[in-house]
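Participant: Sharing a structure below in structure tokens format, with a few things to ask.
No lab work stands behind these numbers, since they all come straight from the coordinates. Since the model is a prediction, treat every value here as computed from it, not as a measurement. Quick reminder, even Gly has a Cβ in these numbers, built from the backbone with ideal geometry, and neighbours come from all protein chains shown.
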Amino acid sequence: MVFVHGCFWHRHAQCRRTTTPTRRRAFWVAKFRANRARDQRCTRLLKRQGWKVAVVWECETTNRNELRARLARLFATRSVPGTAIPKVSEPTQPAQMDASEKRPNP
Ligand SMILES: [Zn+2]
């Protein structure tokens with residue numbers, strides 16, 4: 001199972017996108033802490049059920065060749081005929097984030 005985490009919301013360590021709004025700082029710190037706790041809880045539950053869990057960070061999706069190589073490595077141990085990762089074609093528009101994942105206005 002591969003999660004694609006937004007760096008801001010899921011707090012990618014030492015990433016320039018991992019900022020903390022200055023307004024209502026306590027709210028944001030609590031929000032981020034809850035997000036991280038939920039991520040850890042979900043990962044633990046999925047692993048307990050036998051899933052291999054990996055995270056791809058939002059900032060890692062900008063270089064498609066590197067992303068493709070990373071996904072190929074992640075899935076290398078599960079080579080099932082007919083499931084090879086297809087060559088990534090360039091989308092006409094960048095992937096859109098879910099509305100609930102958008103950053104607040106500064
Ligand atoms: Zn990042």
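Participant: Given the criteria in contact (Cβ under 8 Å) with a residue 12 or more places away in the chain and either within 16 Å of the ligand (Cβ to nearest atom) or surrounded by 11 or more Cβ atoms within 10 Å (Cβ to Cβ) (or both), does V4 qualify?
Facilitator: Yes: the conditions hold for V4.
Participant: Just to verify a result, which residue in region 46-75, among those that are within 16 Å of the ligand (Cβ to nearest atom) and without any contact (Cβ under 8 Å) to a residue 12 or more places away in the chain, is farthest from C15 (Cα to Cα)?
Facilitator: Applying the filter and picking the extreme gives E66.
Participant: What are the pairs with Cβ atoms under 6 angstrom where one residue, in region 10-27, is assigned to a loop (DSSP other than H, G, I, E, B) and the other, located anywhere, is within 11 Å of the ligand (Cβ to nearest atom) and among the charged types (D, E, K, R)? Sequence gap at least six, or different chains.
Facilitator: Every condition considered, the pairs that remain are T18/R11.
Participant: Right, something else. Among the listed residues R25, R38, R16, identify the single one that is under 17 Å from the mean Cα position of the chain (by Cα), more than 9 Å from the ligand (Cβ to nearest atom) and loosely packed, with under 14 Cβ neighbours inside 10 Å.
Facilitator: Exactly one of R25, R38, R16 is under 17 Å from the mean Cα position of the chain (by Cα), more than 9 Å from the ligand (Cβ to nearest atom) and loosely packed, with under 14 Cβ neighbours inside 10 Å, namely R38.
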